[in-house]
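Okay, structure first, notes after.
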Amino acid sequence: MPIAPFIAAQLPFLRRYARALTGSQLSGDAYVAAVLKTLVADPSIFPRDLEPRIALYQVFTRIWSSIRVNLEGDAQAGQLAQANRTLEALAPRSRQVFLLVSVEGFSPEDVARILDITEDEVAAAVDEAGRELAEIVATDVLIIEDEPIIAMDLEALVESLGHRVCGVARTQTEAVALASRTQPGLVLADIQLADGSSGLDAVNDILGQFDVPVIFITAYPERLLTGQRPEPVFLISKPFQTQTVKAIISQALFFGTRAHKRETRVSA
């Protein structure tokens, strides 16, 4: 059975994983491109005895473990250097397991197959990642969300992680004003807001004032993961899982990723 159609359908999700793993759109996409080139050159390395999605992530893991993408000329190189220093506090395996379980939704059994380790090692890595990520310095979080119930859920979740919500905005105008006043360390942004304004525009207005990590929330993630730059590094799909939000928040703060205005101007 041809694997090309399946791989094409999975690319947005593999890019999401690669970007969160590396903390960079450019670096993550480069690893995914390396996977595609390798599969074109030698399709036999795709494990056909595994469920296709598991097989694809297993191939990605082998590529990620065996090569170092050339980041020369990457505008985010300075951020990655900082991230690499921070990564000394979190082993690569712990990071991979944390993302595969919490973000990509794989079962521990599937993660064991992807990483070629035992389920006991998966469980140990999850515990290790949780302890290490809990040591991240707390920050102020701005929530841009027009649905009160979702905003309340996000607020409770953010505070459960040890962060402080500095404000909840329902419109672009409110968001920009709150951000200007509070200078948050992280922004959680919905795409479509109460008055018909755009969370994307709100974020770009905020980024015009200062740099801050941004996590977008949308019911239609495929509209933002088209393969065309610019795209968001961190993205949460609605309806979201609590563990997914926790994982993405931890990753965004862990890497110290700074979204830049020119990199984030996308259309829903």
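The values are calculated or read from the model by the stated rules, or taken from the named source; none is laboratory data. Small disclaimer: the values here were computed from a predicted structure and weren't measured. Methodologically, a virtual Cβ is constructed for each residue, glycine included, from the backbone with ideal geometry; neighbour enumeration extends over all protein chains shown.
Before moving on, here are some points about what is shown:
- When T22, T38, T61 are checked against the criterion of being under 19 Å from A247 (Cβ atoms), touching a helix residue (DSSP H, G or I) at 6+ places or on another chain (Cβ under 9 Å) and modelled with pLDDT of 90 or more, a single residue qualifies: T61.
- For the residues G162, G208, the requirement of being surrounded by fewer than 18 Cβ atoms within 10 Å (Cβ to Cβ), modelled with pLDDT of 85 or more and of a type in the set (G, A, S) singles out G208.
- Any hit, region 90-103, residues being at pLDDT 90 or above, of a type in the set (A, V, I, L, M) and surrounded by 20 or more Cβ atoms within 10 Å (Cβ to Cβ): yes
- Lone qualifier among V111, V158 - being of a type in the set (A, V, I, L, M, F, W, C), in contact (Cβ under 8 Å) with a residue 60 or more places away in the chain and out of contact with any Pro (no Cβ under 8 Å at 6 or more places or on another chain): V158
- Exactly one residue out of A151, A177, A202 is surrounded by 21 or more Cβ atoms within 10 Å (Cβ to Cβ), in a helix (DSSP H, G or I) and not β-branched (V, I, T), and it is A202.
- Residue check for D110: buried (at least 20 other Cβ atoms within 10 Å of the Cβ), of a type in the set (D, E, K, R) and over 19 Å from the mean Cα position of the chain (by Cα): yes
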